[in-house]
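Before we start, here is the structure in question, set down as structure tokens.
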Amino acid sequence: MYQAKQAGKNRYHLFDPERDRQTQTHLETRRQIAQGLVRSEFVLFYQPKVNMRSGEIAGAEALIRWQHPERGLISPGEFLPLIEDDELIVRIGDWVMDTALRQMSEWRSQGLSLPVSVNIAALHLQQEDFLQRLQAKLETHADVPADNLELEVVETAALEGVSRISRLIEDCRSLGVRFSLDDFGTGYSSLTYLRRLPASVLKIDQSFVRDMLWDSEDMAIVEGVIGLAAAFRRTVIGEGVETAEHGELLLRLGCDLAQGYGIARPMPANDIPAWAATWKPEPSWSACRNLAAT
Ligand code: C2E
Ligand code: MG
Ligand code: MG
Ligand code: MG
């Protein structure tokens, strides 16, 4: 590694061949993503969410995948972080919203009315015309009720500009669109902030749900978020419900909804109607009874 002292005191410019190579790869990936958008290489998978008390299907979360011509199916964690500060994430987000709305409309024509949530990046929410564009999308798909669309924003992003985000949440809510705070618990939201953020749903981060079975501090966080949701009259959903044990505990703690591999993995849109048709909630249901044996 070479160091070159620059003008100004204590300012160093580091030339790092390794980092330079990473930048090249980064640029190449960026180019491939832009090309992938044009070539329709992206797909949305959908993961069901269920009501823990009634067993009813509560909706689904749209999750992007990249069907790469050479590398196969690539998960979002491998490419989204590379473009989260790039206008490409806005284009991807627009595509995701359009595709999800079109899918909801198609399901409705098949008799399946399913609320869908989409993940929205911080940069996308910061666009001046976010609201107008959302409104235009809803008008294009006028058969889909606006309250069937939910926007998921990670708690940490919401905390970056609380006043602006809370206004945006209000404005979206006046269109009928709800917000949820994703990965909740990872962003040190104080009670005051939560009061100012009119999001309808809190999604407990899956790391807390996964570890709550053996880690009493994770358990305390899960209990805390569920209590907070009740006090602030928000819906609370547990992510990462992998086993019956997770489901049983969440239900006992008063969690409203659940999502996780133990209920259903994210699946292609075409598989959703068949899944929904075979998912049978029982009269005195608990999510765990229908969980796949693990
Ligand atoms: P997220 O929004 O928190 O989504 C939940 C992630 O957890 C998904 O990973 C899902 O497949 C996974 N998951 C669900 N249930 C379980 C479980 O029981 N166990 C485990 N271990 N994992 C489970 P995925 O699809 O790889 O997405 C990762 C993240 O990428 C998402 O986290 C979200 O932050 C981001 N993402 C996905 N799709 C989009 C998108 O269309 N736009 C944006 N901006 N971000 C997206
Ligand atoms: Mg999410
Ligand atoms: Mg999450
Ligand atoms: Mg996440």
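The values are calculated or read from the model by the stated rules, or taken from the named source; none is laboratory data. Every value quoted in this text rests on a predicted model; they were computed, and no experiment measured them. Cβ sites come from the backbone with ideal geometry, for glycine too, and all protein chains shown count toward neighbours. Surface areas here come from the heavy atoms of the whole protein model, side chains and all, with no ligands, DNA or RNA. Shrake-Rupley method; radii C 1.70, N 1.55, O 1.52, S 1.80 Å.
Net charge around Tyr261, counting only other residues with Cβ within less than 12 Å of its Cβ (Lys, Arg = +1; Asp, Glu = -1)? Present the calculation step by step, with values, prior to reporting the outcome.
Numbers: positive: Arg210, Arg265; negative: Glu239, Glu242.
Charge balance in the 12 Å sphere: 0.
Okay, moving on. How big is the dipole moment of segment 238-279 about its Cα centre under a simple scheme where the beta carbon of each Lys and Arg is +1, that of each Asp and Glu is -1, and everything else is neutral? Debye, nearest 20, please. If you can, show how the numbers build up before the last one.
Working: 2 positive and 6 negative charges, 16 e Å.
Result for segment 238-279 is approximately 80 debye, rounded to the nearest 20.
Give the carbon-plus-sulfur fraction of the accessible surface of segment 78-206 in %, rounded to a whole number; probe 1.4 Å, heavy atoms of protein chains only. Spell out each step's value before the answer.
Numbers: 2650 of 5720 Å².
On segment 78-206, the fraction of accessible area on carbon and sulfur atoms equals 46 percent.
Next up: For segment 82-161, what does the convex hull of the Cα positions come to per residue, in cubic angstrom? Present the calculation step by step, with values, prior to reporting the outcome.
Numbers: hull volume 7.4 nm³, N = 80.
Residue-normalised Cα hull volume stands at 93 Å³.
Let me ask something else. Which one of Gln135, Val116, Pro198 is farthest out on the positive end of the charge dipole of the chain, using unit charges on Cβ (Lys, Arg +1; Asp, Glu -1) and the Cα centre as origin?
Projecting each Cα onto the dipole axis, the largest value belongs to Gln135.
Quick one: which residues, 5 or more positions from Phe179 or on another chain, have an amide H under 5 Å from its amide H? H modelled 1.01 Å from N in the peptide plane, none for Pro or chain starts.
Those qualifying (amide H under 5 Å, at least 5 residues apart or on another chain) are Leu151, Ser200, Val201.
Right, next: Need the C-alpha centroid separation for segment 91-131 versus segment 216-279, integer Å.
22
Starting from the Cα of Arg173, move 7 Å in the Cα-to-Cβ direction to define the label point; list residues of segment 179-206 whose amide nitrogen is under 16 Å from there.
Only 179-182, 192-203 pass the distance filter.
In whole percent, how big is the carbon plus sulfur part of the accessible area of segment 25-77, probe 1.4 Å, protein atoms only?
Working: 1250 of 2500 Å².
Exposed carbon and sulfur together represent 50 percent of the surface.
Something else: Working out 0.36 nm times the residue gap between Glu70 and Arg252, then minus their Cα-Cα distance, what length gain in nm do you get to one decimal?
Details: separation 182, 0.36 × 182 = 65.52 nm, distance 4.61 nm.
Computed gain between Glu70 and Arg252 is 60.9 nm.
Please work out the FRET efficiency for the pair Asp147 and Arg53, using the Cβ-Cβ distance as r and a Förster radius of 22 Å; give the result to the nearest 0.05.
On the way: r = 21 Å, r/R0 = 0.94.
After rounding to 0.05, the efficiency reads 0.60.
A further question follows. Which of these, Glu170, Glu78, Glu223, has the largest mean-square fluctuation under a Gaussian network model of the chain (Cα springs below 10 Å)?
Between Glu170, Glu78, Glu223, it is Glu78 that shows the largest mean-square fluctuation.
Moving to a separate point now. Provide the per residue accessible area, probe 1.4 Å, for the chain, rounded to a whole number of square angstrom.
Numbers: 15070 Å² over 294 residues.
It amounts to 51 Å² per residue over the chain.
Can you say what percent of the DSSP beta bridges in the chain, counting only those with both residues inside, are antiparallel? Round to 5.
Values: 20 of 41 bridges.
The antiparallel proportion sits near 50 percent.
Can you pull the semi-axes for segment 145-278, root of five times each eigenvalue of the Cα gyration tensor, sorted largest first, whole Å? Mind showing how you got there, number by number?
Details: eigenvalues 119, 90, 27 Å².
That gives 24, 21, 12 Å for the three semi-axes.
With +1 on each Lys and Arg Cβ and -1 on each Asp and Glu Cβ, and nothing else charged, work out how big the dipole of the chain is about its Cα centre, in Debye to the nearest 20.
Numbers: 31 positive and 42 negative charges, 79 e Å.
For this selection, approximately 380 debye.
Starting at the first residue of segment 43-50, write each ³J(HN,Hα) from the Karplus equation 6.51 cos²θ - 1.76 cosθ + 1.60 with θ = phi - 60°, in whole Hz, x for Gly and Pro.
These are the phi-based 3J(HN,Hα) values: 9, 9, 9, 10, 10, x, 10, 10 Hz.
Can I ask one more? May I ask for the percentage of alpha-carbon pairs in the chain that lie more than 24 Å from each other? Can you show the working numbers first?
Values: 24367 of 43071 pairs.
Value for the chain: 57 percent of Cα pairs lie more than 24 Å apart.
Something else about it: Kindly write out, for segment 182-188 in residue order, the coupling ³J(HN,Hα) from the Karplus curve 6.51 cos²θ - 1.76 cosθ + 1.60 (θ = phi - 60°), rounded to whole Hz, with x marking Gly and Pro.
After applying 6.51 cos²θ - 1.76 cosθ + 1.60, I find 7, 6, 5, x, 8, x, 6 Hz.
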